[in-house]
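For reference, the structure discussed in these notes is given below.
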Amino acid sequence: MLLDTASLYFRAYFGVPESVRAPDGTPVNAVRGLLDFIARLVQDHHPDDLVACMDFDWRPQWRVDLIPSYKAHRVAEEAPAGSDEPDEEQVPDTLSPQVPVIEDVLDALGIARIGAAGYEADDIIGTLAARAPGPVDIVTGDRDLYQLVDDRRGIRVLYPLKGVGSLQVTDEAWLREKYGVDGPGYADLALLRGDPSDGLPGVPGIGEKTAAKLLATYGDLAGIMAAAEDPASKVTPAQRARLLEARPYVAVAPKVIKVATDVPVPDADLALPAEPADPERLEALAAQWGLGGALHRLLVTLSR
């Protein structure tokens, strides 16, 4: 089971009241909410391995170099020119201080926490999914990861509808019914349609339904562009003009949109821990941050 950690702690932050606080008054709603999410996921799905995949760089420069608008609207503060530091993302003031706490608690629990410089959590998920010998459940509120769905390899996305007790199980049948595409086809669909939440413009005038019809007719993005170049094809004049005008975007967008599957991730023990890796540290964190029932529920679930 691969967790899109930031996606889940954002959901926990907005789903658990900010009145949930540590003894010193610091909000810990995201921390406690995430611990409850993990407990429920382990209880319901019994993964052998569990990885909290991290955004070491939420807006990698190599993606921005290709499409400058990529996530530009989420930048709170740009890193100094020439700096190796990433731009600072807009995050609620009371969430930012909780992220290091989440990291400390996961490490003390012994839950594998993996990221890589210059890559997003999506890329870590893509790489670990590609390497996995058996079935993979990806837990995320980010539809971009639908592109990894692969029935043959048992890779599916569990998309939270309400907390993690109600999950949309996304497999190829669901994708075909909803969008008319398979996993790889979803990446092409997203490229053509665009995604304002990620600052991806798409091809102007090509919405989701039109993109799905083009993919059904011509197979993939390469087939669509070949048809646009072919005067004898049945692409409408308006679609042809839009696609040809968007060639510079179409040429670079696949590298931005497609999840990396070859990230140099560090070696780690991915096995679901039955007991904490550092009980003393965990006890100190529990006392400092008032993790109480949420941590207890997770520990009980892990010990079963």
Quiz item: In segment 123-137, what residues are closer than 10 Å to Val263 by Cβ and in contact with a helix residue (DSSP H, G or I) (Cβ under 9 Å, 6 or more places away or on another chain)?
Solution: Ile125, Gly126, Ala130
Practice problem: Return the pairs, sorted by first residue and then second, in which the second residue is in a helix (DSSP H, G or I) and among the charged types (D, E, K, R), the first residue lies in segment 100-117 and is modelled with pLDDT of 95 or more, the beta carbons are less than 7 Å apart, and the residues are 6+ apart or on different chains. | Solution: Ala108/Arg281; Arg113/Glu103; Arg113/Asp107
Quiz item: Which ones in segment 5-21 are touching a residue at least 60 places away in the same chain (Cβ under 8 Å) and open to solvent by 10 Å² or more (accessible area, probe 1.4 Å)?
Solution: Ala6, Ser7, Tyr9, Phe10, Arg11, Tyr13, Gly15, Glu18, Arg21
Exercise. Find the residue count for segment 284-296, including only residues that are at pLDDT 95 or above and part of a helix (DSSP H, G or I).
Key: 9
Practice problem: Quick one: count up the residues across segment 284-304 that are under 26 Å from the mean Cα position of the chain (by Cα), among the aliphatic types (A, V, I, L, M) and open to solvent by less than 20 Å² (accessible area, probe 1.4 Å). | Solution: 5
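Within segment 45-61, take every residue that is of a type in the set (A, V, I, L, M, F, W, C) and touching a helix residue (DSSP H, G or I) at 6+ places or on another chain (Cβ under 8 Å) and give me the one that is farthest from Ser166 (Cα to Cα).
The initial filter retains those residues of segment 45-61 that are of a type in the set (A, V, I, L, M, F, W, C), namely 50-54, 56, 58.
Next, only the ones that are touching a helix residue (DSSP H, G or I) at 6+ places or on another chain (Cβ under 8 Å) stay: 50-54, 58.
Values: Leu50: 19, Val51: 21, Ala52: 20, Cys53: 21, Met54: 23, Trp58: 27 Å.
Ranking the candidates gives Trp58 first.
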Quiz item: Which fully enclosed helices (runs of 4 or more DSSP H) of segment 183-283 have 2 or more residues being free of Cβ contacts under 8 Å to residues at least 40 places away in the same chain, open to solvent by less than 50 Å² (accessible area, probe 1.4 Å) and not basic (Lys, Arg)?
Solution: 183-193, 208-218, 221-229, 237-245
Quiz prompt | Number of positions in segment 22-45 that are open to solvent by 30 Å² or more (accessible area, probe 1.4 Å) and under 21 Å from the mean Cα position of the chain (by Cα) | solution = 6
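I'd like to verify a number: residues in segment 135-155 that are part of a loop (DSSP other than H, G, I, E, B) and either surrounded by 19 or more Cβ atoms within 10 Å (Cβ to Cβ) or in contact (Cβ under 8 Å) with a residue 40 or more places away in the chain (or both), how many?
Residues meeting the conditions: 4.
The values are calculated or read from the model by the stated rules, or taken from the named source; none is laboratory data. All figures in this text were calculated on a predicted structure; none of them were measured in a lab. Don't worry about glycine lacking a Cβ; one is built from the backbone with ideal geometry, like all the others, and counts go over all protein chains shown. Side chains included, ligands, DNA and RNA excluded: accessible areas come from the protein's heavy atoms. Shrake-Rupley method; radii C 1.70, N 1.55, O 1.52, S 1.80 Å.
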